[in-house]
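A.B. asks: Please read through the structure below; I'll follow up with questions.
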Amino acid sequence: MDSRRVHTPSSVLVTGGAGFIGANFIRYLLDTAGFDGRVVNLDKLTYAGNLKSLVDVQERLGGKSYFFERGDICDYERVLEIFNTHAVDTVVHFAAESHVDRSIYGPKDFIETNVNGTFTLLEAARRAWGERKDVRFHHVSTDEVYGSLAETGSFTETSPYDPHSPYSASKAASDHLARAYSHTYGLPVSISNCSNNYGPYQFPEKLIPLMLLNALEGKPLPVYGDGGNVRDWLYVEDHCEAVWKVVTEGSAGETYNIGGECEKRNTDVVGELCDVLEELSPVRENPSVKVDSYRELITFVADRPGHDRRYAIDCEKIKSELGWQRRHEFSDALRSTVRWYLENKEWTADVRSGEYLRWVEKNYGARP
């Protein structure tokens with residue numbers, strides 16, 4: 001593939017831009033990638049969407065190159081209004097309910113947001129763009145749609161779908177919708193399926209921030225089953241760079257797998273996290289911890305229903321076709337992540353206490 005840009009965005013709608021990956025992506029566009037167009041953040045501001053992750057961006061660039069629009073991706077008229085108001089020519093669709101455990105005990109929100117929300121966005125794009133081809137709808141998905149692997153092998157872009165949780169089933173359905181709009185209507189759609197992300201601004205229901213914050217408070221570190229479940233870990237900034245590569249240089253109608261090429265068992269991740277935490281915030285200096293080592297807090301609990309054993313991504317396609325390569329080693333990026341949480345305790349306290357949601361209601365009203 002030559003070096004020309006396949007798609008040159010001028011106005012990018014980022015759905016779920018107040019969430020973990022969405023907020024990091026907006027920061028990447030405005031601070032690292034050199035994007036000089038308009039970035040529109042559409043977010044409903046549920047419990048996991050945190051505008052405080054972008055306060056400095058709002059202060060520096062609000063009303064210039066950055067615009068926040070509160071709204072529900074399931075609200076067709078609202079979404080279409082945003083397309084037209086901001087002359088959107090590119091959608092990067094992160095908005096999703098994404099926690100497997102919550103999908104097991106409350107799947108309805110996952111179907112509503114991930115399936116119906118994606119459908120609504122695709123319909124609005126089709127209406128706003130008509131027959132235009134100088135546009136792009138990029139749908140961000142997960143490796144969990146492929147199901148579970150044995151001890152060897154990796155997921156490729158042609159692996160059959162075999163979702164095992166309500167979350168992964170809802171993402172599989174949204175992938176199929178996006179692909180169908182490309183084939184049926186000629187909508188310029190691209191899709192990426194990524195492995196486990198980690199990094200700053202991640203809501204503390206996910207493994208790394210949950211374990212980190214529990215450890216600091218001297219609470220048990222619950223690990224499912226025997227802890228041998230394997231995931232491929234991808235630093236969020238590497239993921240953001242890959243998504244932008246796909247949006248600007250990838251081909252419409254194509255799917256690209258994005259992985260960190262970093263397979264680790266859950267027990268190894270938690271153990272390494274404990275060791276890094278011991279370096280940066282030693283147990284002996286933490287009165288909340290009543291054991292001699294953070295590792296002593298690791299507690300094995302009953303496995304969750306339908307827990308996939310192993311995921312692994314083959315990302316050779318994006319590497320060979322688009323020249324993307326991850327930049328961060330797990331050990332270094334994990335240390336940076338731990339340091340970020342230690343230095344941003346007010347952020348974590350806000351999102352965990354409910355204070356953030358009260359701030360949202362005061363500044364933006366009740367959720368739509």
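Throughout, read-outs are computed from the coordinates displayed, never taken from laboratory work. It should be emphasised that the depicted structure is a prediction, and the values quoted were computed from it without experimental measurement. Cβ: placed from backbone, ideal geometry, glycine included. Neighbour counts: every protein chain shown.
A.B. asks: Once the Cα atoms of segment 81-226 are picked out, what are the Rg and Dmax in Å?
C.D. replies: In order Rg, Dmax, the Cα atoms of segment 81-226 give 17.7, 58 Å.
A.B. asks: Can you tell me which of 310-322, 256-268, 218-230 comes out highest on packing, and rank the rest after it, using the mean Cβ neighbours within 10 Å?
C.D. replies: Averaged packing, sorted descending, gives the order 256-268, 310-322, 218-230.
A.B. asks: At 222 nm, what value in deg cm²/dmol follows for the chain if DSSP H runs of at least 4 each add -39500 (n - 2.57) and the sum is divided by all its residues, to the nearest 500?
C.D. replies: -11500 deg cm²/dmol
A.B. asks: Using the count of nearby Cβ atoms within 10 Å as a rough guide to exposure, how do 348, 156, 118 rank from fewest to most?
C.D. replies: 156, 348, 118
A.B. asks: Over segment 37-114, what is the mean sequence separation of C-alpha contacts under 8 Å (at least six apart), divided by residue count, expressed as relative contact order in percent?
C.D. replies: 28 percent.
A.B. asks: Which whole-Hz couplings ³J(HN,Hα) result when phi for each residue of segment 261-271 is put into the Karplus expression 6.51 cos²θ - 1.76 cosθ + 1.60, θ = phi - 60°, listed in order with x for Gly and Pro?
C.D. replies: Using θ = phi - 60°, the values come out as 6, 9, 7, 9, 6, 4, 4, 5, 4, 5, x Hz.
A.B. asks: For segment 119-128, take each phi angle, set θ = phi - 60°, evaluate the Karplus expression 6.51 cos²θ - 1.76 cosθ + 1.60, and give the result in whole Hz per residue in order, putting x for glycine and proline.
C.D. replies: Per-residue couplings from phi come out as 4, 4, 4, 5, 5, 5, 5, 4, 5, 6 Hz.
A.B. asks: Please go through the residue pairs 206/245; 264/290; 133/264; 108/133; 319/345; 64/319 and name each one whose alpha carbons sit more than 31 Å apart in this structure.
C.D. replies: 133/264; 108/133; 319/345; 64/319
A.B. asks: Here's another thing I want to ask about it. Can you run phi through the Karplus equation (6.51, -1.76, 1.60; θ = phi - 60°) for segment 70-82 and list ³J(HN,Hα) in whole Hz, with x for Gly and Pro?
C.D. replies: 7, x, 9, 5, 7, 8, 4, 5, 5, 5, 5, 4, 5
A.B. asks: For residue 194, which sequence-distant residues (separation of 5 or more, or a different chain) have an amide H within less than 5 Å of its own amide H, given hydrogens modelled in the peptide plane?
C.D. replies: HN-HN under 5 Å from residue 194: 141, 142, 143, 258.
A.B. asks: Would you mind ranking 182, 192 so that the residue whose beta carbon has the fewest other beta carbons within 10 Å leads the list?
C.D. replies: With the sparsest Cβ surroundings first, the list reads 182, 192.
A.B. asks: Within segment 94-201, report the trypsin sites (Lys or Arg not before Pro) that DSSP leaves as loop and that have at most 16 other Cβ atoms within 10 Å.
C.D. replies: 132, 133
A.B. asks: Note the per residue figure in Å³ for the convex hull of the C-alpha positions in segment 1-87. Present the calculation step by step, with values, prior to reporting the outcome.
C.D. replies: Working: hull volume 9.7 nm³, N = 87.
Spelled out: Cα convex hull of segment 1-87, divided by residues, is 111 Å³.
A.B. asks: Residues with amide H under 5 Å of residue 11's amide H, sequence separation 5 or more or different chain, H placed in the peptide plane at 1.01 Å from N; which?
C.D. replies: Under 5 Å from the amide H of residue 11 lie the amide H atoms of 38, 89, 90, each far enough along the sequence or on another chain.
A.B. asks: Please order 246, 92 by the number of other Cβ within 10 Å, starting at the fewest.
C.D. replies: Least crowded to most crowded, the residues run 246, 92.
A.B. asks: If you don't mind, another one. When only Cα pairs under 8 Å and 6 or more residues apart are kept, what is the percent relative contact order across the chain? Mind showing how you got there, number by number?
C.D. replies: On the way: 689 pairs, mean separation 69.2, N = 368.
Over the chain, the number comes to 19 percent.
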